[in-house]
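The values are calculated or read from the model by the stated rules, or taken from the named source; none is laboratory data. Quick caveat: nothing in here was measured; it's all calculated off a predicted structure. Note that we place each Cβ from the backbone using ideal geometry, even for glycine, and neighbour counts take in every protein chain shown.
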Amino acid sequence: MSGVEDIEAVIVWNKADISKQEYAGLPELYRQIGYRNLITSAHTGQGIDELKALLAGRLSTFAGPSGVGKSSLLNAIQPGLNLRTGEVSSKGGRGRHTTRQAELIRLPDGGWVADTPGFSRLDLPAITREEVAAYFPEMEPLRGRCRYASCLHRKEPGCAVVAAVEAGLIIKHRYEHYLTFLAEVIAGERSFS
């Protein structure tokens, strides 16, 4: 969404000290489709200086699922901040909501960052089914290459996007996210009909 909305996005892969296997290879794949990546650990300090420099003088937001360490990163950037942090649930392996509301925090090197509650679902802006692919930059070079102009890149014959997924040129889980977003948009269109 960041590219369409003209927002500079950086993907921060936190907890590098404990979860390298969980996201092995993903930073490089996201870099290839145009996203800047930063690997950090609030626990060991890895990448914290680079993150500080990136945030200095800007208005930024930390957004992501519960338990990924957004508040822990802010505590590492600004010692003494003492934002509440929590453990990952042993039941579902997911983070517990410790940040209950968005909070705007002034950074010591200038700039502000919003610490936001974690989320498990992304609310999409009001877009049409034809616009969903624009939110996936890796699909942009394939625009107009499908057999049918109205192709939604699902199972249509001659779909250049499906062919790119099958050839390994588009990350499969990104394509699956596309299909999920597309289904949500279509369901939303139907609910307003």
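Data overview
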{"quantity": "Region 68-98, residues that are at pLDDT below 80, part of a loop (DSSP other than H, G, I, E, B), of a type outside the set (Lys, Arg) and over 20 Å from GLY110 (Cα atoms)", "calculated": "THR85, GLY86, GLU87, SER89, SER90, GLY92, GLY93, HIS97, THR98"}
{"quantity": "Check on ALA24, exposed (fewer than 12 other Cβ atoms within 10 Å of the Cβ) and modelled with pLDDT of 90 or more", "calculated": "no"}
{"quantity": "Any hit, region 33-45, residues being exposed (fewer than 12 other Cβ atoms within 10 Å of the Cβ), farther than 26 Å from HIS177 by Cβ and modelled with pLDDT of 90 or more", "calculated": "yes"}
{"quantity": "Leading residue by the ranking (modelled with the lowest pLDDT) among those in region 150-193 that are more than 24 Å from GLN32 (Cβ to Cβ) and loosely packed, with under 10 Cβ neighbours inside 10 Å", "calculated": "SER193"}
